[in-house]
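The values are calculated or read from the model by the stated rules, or taken from the named source; none is laboratory data. All figures in this text were calculated on a predicted structure; none of them were measured in a lab. All Cβ positions, glycine included, derive from the backbone under ideal geometry; neighbour counts span all protein chains shown. In case anyone asks, the SASA skips ligands and DNA or RNA and just uses the protein heavy atoms, side chains included. Shrake-Rupley method; radii C 1.70, N 1.55, O 1.52, S 1.80 Å.
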Amino acid sequence: AAATLFSSYVLKDGDTFLIANGSGDVIGEGDGQFHNDTRILSRFRLTLGDTAPALLSSLVSRDNVFFVVHLTNRALPPLGFEADGIWCSFVAAYFVDLHETLARWAALLRPGGWIALTEIDGFFAHEPVSPRTRGLLDAYADDALAAGRYDFRMGRKLEGHLERAGFIVERSFDL
């Protein structure tokens, strides 16, 4: 994984391209996002709290259209108190066993505590696309789910996972 971290990955779409390291970070040297030879993004770094997640693997598709990175974080130490709530945005789709994870998170909440989840659904539902492209995108989403990497259709499943984990869903909405 260390060699991957220091490799550069390039995504390209027309006159726009992105150069990032194996974690998807742009550190501000020769990397960045460029459009028509102008740098429009100089720095981008993902952190969880103050810590960068650990890189498991990363790759770019042969046509430089998709960048896939698998990251993880170390288990959090006990908080030493019960939390009032948990807010989780765009993370649920990475958990194959989401209801089991939610059940573990519930143990961190005080009685009456809350959880708020935000997740995308139909990540590849772009229109218009050709039937061939639609088939490729659907196949990729199906493969990611089968391999336990990511659920591109998680948004529509959140309520069910919460209820299976013992939560009472008070409010749910689509944007």
Using a 1.4 angstrom probe on the protein heavy atoms only, could you order Ile115, Ile120, Ile40, Ile168 from most to least accessible area? Ile168, Ile40, Ile120, Ile115
If you roll a 1.4 angstrom probe over the protein chains with everything in place, what fraction of the accessible area of the chain belongs to carbon and sulfur, to the nearest %? 57
Against the longest principal axis of the chain, how steep is helix 131-146, in degrees 0 to 90 to the nearest 10, with axes from Cα atoms? 50
What does the accessible area per residue of the chain come to in Å², with a 1.4 Å probe and no ligands, DNA or RNA counted? 69
Rounded to the nearest 500, the 222 nm mean residue ellipticity computed for the chain from DSSP H runs (n ≥ 4, each -39500 (n - 2.57)) alone is -6000 deg cm²/dmol
Along the charge dipole of the stretch 23-97, Cβ charges K/R +1 and D/E -1, which of Thr51, Ile40, Tyr94 sits furthest on the positive end? Ile40
Summed residue charge, Cβ within 14 Å of Phe173's Cβ, Lys/Arg positive, Asp/Glu negative: -3
Using a simple spin-label model with points 7 Å from Cα along the Cα→Cβ vector, what separation in nm is obtained for Cys88 and Ser8? 3.7
Pick out, from Met154, Ala103, Ala141, the residue whose Cα sits farthest towards the positive end of the charge dipole of the stretch 97-175, with +1 on the Cβ of Lys and Arg and -1 on the Cβ of Asp and Glu. Ala103
Could you size up the charge dipole of the chain around its Cα centre, putting +1 on the beta carbon of Lys and Arg and -1 on that of Asp and Glu, and report it in debye to the nearest 20? 220
Go through (1) 19.9, 78; (2) 18.7, 55; (3) 15.7, 51 and flag the label whose value is the computed Rg and Dmax of the Cα atoms in Å for this structure. (2)
Defining a contact as two alpha carbons under 8 Å apart and six or more residues distant in sequence, what relative contact order in percent does the chain show? 15
